[in-house]
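Step one of this worksheet: look at the structure below.
Values quoted throughout were computed directly from the atomic coordinates according to the rules given, and no laboratory measurement underlies them. Because the structure is predicted, anything quoted here is derived from the model rather than measured. Neighbour counts are summed over all protein chains in view; Cβ atoms, including those assigned to glycine, are modelled from backbone coordinates with ideal geometry.
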Amino acid sequence: MLMNPTLDNMRTLKLFGMLKALEAQSEIKEIEGLSFEDRLGLLVDAELLARENKQLQSRMKTANLRLSASIEDLDVQTSRGLDRGTVAALSTCDWIKRTRNLLVTGPTGAGKTYASCAIAQKACRAGYTVVYERATKLFHDLALAKASGRYYNILSSIAKKDLIVIDDFALAPLTDEQRRDLLEIVEDRYNRKSTLIASQVPVDHWHDIIGDPTIADAILDRLVHNAHKLCLKAKVSKRKESHGDMEF
């Protein structure tokens, strides 16, 4: 059998996983001992794995996570507000399947961003679409989008993601425009998709940070009542542990 035409056809069909596996098989003498069905199965498995990896890379690129973090590397300590049971539950991504929210709070240096990115990365690995946003940049981008006519396109894109991570939320009181933008986002996602918000401000204070009581009630009603809460603690800033007395 002439291999070159077959390899060329695989390239044409974009069966790159099969192509690479077939080329590898041709260099293994022992492979001749396998049946046609077994060899074909290996090729199909290789193609499936290649496509899954490509899709994962695409989801990770779209997510644009701030940190390269893995849920398996989370510092599991009950004293920090993290235990193995909580991490195991988050790892299943069942809360995303059930369109629940997750609120991550804690002081500066407690590891909120790392934990949020680790959880989001696990969601990507589980096949969910994710996008990471810092609150200030998100609101800035939405303000620019209104001027360019892309506002509703961006809101539509956000609404389609299985999980949005909004980091550094509530660092400053929201403006009227910002709280209305946030209401649009949470309204689109309520009982449809999941939202993860990370903040150094306790959830009990968010109402005051959001501002307008009516809008704050509407936002929090859609965020808090169906949310899991992860309260991180840190006696020593995780940054100080890594960098001595250096401040960021």
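Annotations for the structure displayed:
- The residues 195, 92, 136, when put in order of fewest to most other Cβ atoms within 10 Å, stand as 92, 136, 195.
- Candidates 222, 51, 39, ranked by Gaussian network fluctuation over the chain, Cα under 10 Å, top entry: 39
- A Cβ-based charge dipole, computed about the Cα centre of segment 3-62 with Lys and Arg at +1 and Asp and Glu at -1, lands at about 520 debye.
- Chain lengthening between residue 79 and residue 54 when straightened (0.36 nm per residue, less Cα-Cα): 5.1 nm
- Working note: Debye formula, equal point scatterers on the alpha-carbon atoms of segment 1-139, no solvent; log10 I(q)/I(0) at q = 0.08, 0.18 Å⁻¹ is -0.38, -0.99.
- Largest-first principal axis extents of the Cα set of segment 3-62 (Å): 43, 22, 18
- Here the Gaussian network model covers the chain, with springs between Cα atoms less than 10 Å apart; of 209, 96, 31, 31 fluctuates the most.
- Principal-axis tilt of helix 151-160 within the chain, Cα atoms, nearest 10 degrees: 60 degrees
- Measuring nothing but how far apart in sequence close Cα pairs (under 8 Å, 6+ apart) lie, relative to its length, segment 170-228 scores a relative contact order of 50 percent.
- With contacts taken as Cα pairs under 8 Å at a separation of at least 6 residues, segment 65-240 carries a relative contact order of 35 percent.
- Residues of segment 156-190 with amide N under 19 Å of the 7 Å Cα→Cβ point at residue 217: 176, 179-184, 186-187
- Of the GluC sites (Glu not before Pro) found in segment 4-100, those in coil by DSSP whose Cβ has at most 10 other Cβ atoms within 10 Å are 27.
- Cβ crowding within 10 Å, taken as a proxy for footprinting-reagent exposure, orders 80, 100 from fewest neighbours to most as 100, 80.
- Over the chain: helical MRE at 222 nm, DSSP H runs n ≥ 4 each giving -39500 (n - 2.57), nearest 500: -16500 deg cm²/dmol
- Tilt relative to the chain, helix 3-12 - C-alpha long axis, 0 to 90 degrees, to 10: 30 degrees
- Under 14 Å from the residue 231 label point (7 Å along Cα→beta-carbon), backbone N, segment 81-116: 81-82, 103-107
- Degrees, to the nearest 10: 112-125 long Cα axis against longest axis of the chain: 30 degrees
- Based on every Cα atom in segment 165-236, Rg and the maximum pairwise Cα distance Dmax equal 12.2, 38 Å.
- Total lysine pairs under 22 Å (Cα atoms) in segment 93-192, excluding pairs fewer than 8 apart on one chain: 13
- When 70, 35 are sorted by how many other C-beta atoms sit within 10 angstrom of their C-beta, beginning with the fewest, the order is 35, 70.
- Simple spin-label estimate for residue 88 and residue 143 in nanometres, 7 Å along Cα-Cβ: 4.6 nm
- With N as its number of residues, the chain has a Cα radius of gyration that, divided by 2.2 N^0.38 Å, comes to 1.28.
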